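Asker: Quick one: structure below, then a few questions.
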Amino acid sequence: MAQRVVLHYFNGRGKMESIRWLLTVAEVEFDEKFLDTREEYEKLVNDGVLMFQQVPMVEIDGMKLIQTKAILHYIAEKYNLHGKDLKDRVMINMYSEGLMDLMEMIMILPFLPDPKPKLDEIQSKANERYLPVYEKALTGPVYLVGGKLSLADVLLVECTLMLEEKFPAILKDFPNVKSFQGRMIQIPAINRFLQPGSKRKPPPGENYAKTAIENRRINSHEF
Ligand SMILES: N[C@@H](CCC(=O)N[C@@H](CS)C(=O)NCC(=O)O)C(=O)O
């Protein structure tokens, strides 16, 4: 019997959330081991399972994978969410990288002493740099690449929901992206993931950054 997938990270969104999204869409059940204390993180380091002493780490198919993008690509390949050929794949990766850049900016907000300037930057870059790309790509097609669901679509729905948490009206000038989001959240696996009690993590609360820094899950100097 195949082993269950196990995610090792803290009990929050961070870099693991996109992996949770992708596994959900691939309909892969997973367990989570939360690193609630610094000792739990250090144990993984001392056991030599974190190649660069960093999480996310995902146990899958007898391997202990690290590096978020490598993990996402493995899952996307395995579950047929990475295009039909090399040209699809490079487009999927280009769209995905843009979304990860944007989500990374949102992810670091709780770690900033004064998040306002970054928030303003995110809003203007989302409006002027990122969302227009997806709006154009979705003029006509149902999915971003190759007429079928891919990693890029999963990251786009995750990212648009994250953006709306910060700027509720941000999609008003992007009707194609908004209707894409509407279609995506009807996919049964996604719909279940969006319900209370699922493995989706809530937006970071007040103590999120403090606890993460204390446990050395995030280095404060990284930002
Ligand atoms: N490039 C890596 C970066 C991972 C990373 O920065 N992980 C943080 C937690 S989100 C960490 O483990 N920090 C501890 C450290 O670097 O000492 C990835 O995308 O997986």
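Values in this text are rule-based calculations from the coordinates and carry no lab data. Just so we're clear, the structure is a prediction, and the values are computed from it rather than from any experiment. A quick note on method: Cβ atoms are made from the backbone with ideal geometry, for glycine too, and the neighbour counts reach across all protein chains shown.
Asker: Going by Cα centres, region 127-188 and region 28-49 are how many Å apart?
Answerer: What the calculation gives is 33 Å, centre to centre.
Asker: Loop sites only, by DSSP: take the GluC sites (Glu not before Pro) in the chain that have at most 16 other C-beta atoms within 10 Å and name the longest stretch containing none of them.
Answerer: Counting only loop sites that pass the neighbour cut-off, the longest clear stretch is 30-205.
Asker: Let me know the charge dipole size of region 86-186 about its Cα centre in debye, to the nearest 20, where only the beta-carbon of Lys, Arg (+1) and Asp, Glu (-1) is charged. All intermediate terms of the calculation are to be shown ahead of the outcome.
Answerer: Numbers: 12 positive and 14 negative charges, 65 e Å.
Magnitude of the dipole: close to 300 debye.
Asker: Another question, if that's okay. Taking the simple approach of a point 7 Å from Cα along Cα-to-Cβ for both Lys33 and Leu119, what is their distance in nm?
Answerer: Placing both labels 7 Å beyond Cα along the Cβ direction yields 3.8 nm.
Asker: Quick one: dipole size for the chain, taken about the Cα centre, charges +1 on Lys/Arg Cβ and -1 on Asp/Glu Cβ, in debye to the nearest 20.
Answerer: So the magnitude is around 380 debye.
Asker: Can you tell me what share of the DSSP beta bridges in the chain is antiparallel? A percent to the nearest 5 is fine.
Answerer: Of the beta bridges lying entirely in the chain, close to 60 percent run antiparallel.
Asker: Okay, moving on. Among Tyr74, Tyr130, what is the fewest-to-most ranking by other Cβ atoms within 10 Å?
Answerer: Fewest-to-most Cβ neighbours within 10 Å comes out as Tyr74, Tyr130.
Asker: Still on this structure: Points 7 angstrom from Cα along the Cβ direction at Glu77 and Leu112: gap in nanometres?
Answerer: Spacing of the two 7 Å Cα→Cβ label points: 3.5 nm.
Asker: Sorting Lys199, Lys210, Lys15 on the 10 Å Cβ count, fewest up front, what's the list? Display every interim value, and only then the final one.
Answerer: On the way: Lys199 16, Lys210 11, Lys15 20.
With the fewest neighbours first, Lys199, Lys210, Lys15 line up as Lys210, Lys199, Lys15.
Asker: Using only helices, what value at 222 nm comes out for the chain when you add -39,500 (n - 2.57) per DSSP H run of length 4 or more and divide by the total residues, to the nearest 500 deg cm²/dmol?
Answerer: -14500 deg cm²/dmol
Asker: May I ask you to sort Ser179, Ser124, Ser150 by Cβ crowding, counting other Cβ atoms within 10 Å and putting the fewest first?
Answerer: Ranking Ser179, Ser124, Ser150 by Cβ neighbours within 10 Å, fewest first, gives Ser124, Ser179, Ser150.
Asker: At 10 °C and 1.306 mPa s, grab the translational diffusion coefficient of region 86-186 from Stokes-Einstein with a Kirkwood Rh over Cα pairs, rounded to a whole number in µm² per second. Please list the in-between numbers first.
Answerer: Numbers: Rh = 13.9 Å.
Calculated translational D: 114 µm²/s.
Asker: Nearest 20 debye, what's the magnitude of the dipole of region 28-88 about its Cα centre given +1 on Lys and Arg Cβ and -1 on Asp and Glu Cβ?
Answerer: 320 debye
Asker: Considering Cα pairs under 8 angstrom that are at least six residues apart, work out the relative contact order of the chain and quote it in whole percent.
Answerer: Relative contact order comes out at 26 percent.
Asker: Taking the Cα centre of region 86-186 as the origin and placing charges on Cβ (Lys, Arg +1; Asp, Glu -1), which of Gly146, Met100, Pro115 is farthest toward the positive end of the dipole?
Answerer: Gly146
Asker: Taking 35 Å as R0, compute the FRET efficiency from the Cβ-Cβ separation of Asp101 and Val6 and round it to 0.05.
Answerer: That gives a FRET efficiency of 0.80.
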